[in-house]
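Worksheet: one structure, shown below.
The values are calculated or read from the model by the stated rules, or taken from the named source; none is laboratory data. Remember, predicted model here, so these are calculated numbers, not experimental data. Note: ideal-geometry Cβ built from the backbone for every residue, glycine included; neighbour counts use all protein chains shown. For accessibility, only protein heavy atoms count, side chains too; no ligands or nucleic acids. Shrake-Rupley method; radii C 1.70, N 1.55, O 1.52, S 1.80 Å.
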Amino acid sequence: MGADIGATGHVALYGIYFDTGRADVKPESEPTLAEIARLLKQRPTLKLHVVGHTDALGDLVANMDLSKRRAA
């Protein structure tokens with residue numbers, strides 16, 4: 001993850017899970033979140049811009065709101 005950020009300035013992460021229509025992170029997301037935490041501890045000045053995504057269910061307004069809540 002850190003190498004990708006260093007090389008390209010971004011990285012797509014998988015392994016952060018949510019139930020459909022919900023913004024609560026599921027417990028099985030822990031390994032990915034722990035990896036992010038390790039990177040931030042190793043590089044305390046690193047700033048990240050997090051983008052949340054949704055599936056294609058629901059209307060645009062609801063999905064934009066859900067995306068922002070997931071990113072937060």
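Data overview
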| item | result |
| --- | --- |
| Residue list for the range 1-47, restricted to those being under 27 Å from D65 (Cβ atoms) and acidic (D, E) | D19, D24, E28, E30 |
| Which numbered condition I16 fails, given (1) touching a helix residue (DSSP H, G or I) at 6+ places or on another chain (Cβ under 8 Å); (2) modelled with pLDDT under 90 | (2) |
| Per-region count, the range 6-16, residues more than 14 Å from the chain's Cα centre (by Cα) and either within 15 Å of V50 (Cα to Cα) or open to solvent by 90 Å² or more (accessible area, probe 1.4 Å) (or both) | 1 |
| Counted residues, the range 19-72 - those being among the polar types (S, T, N, Q) and touching a residue at least 40 places away in the same chain (Cβ under 8 Å) | 1 |
| The range 17-70: number of residues that are assigned to a helix (DSSP H, G or I), within 18 Å of M1 (Cα to Cα) and open to solvent by less than 50 Å² (accessible area, probe 1.4 Å) | 6 |
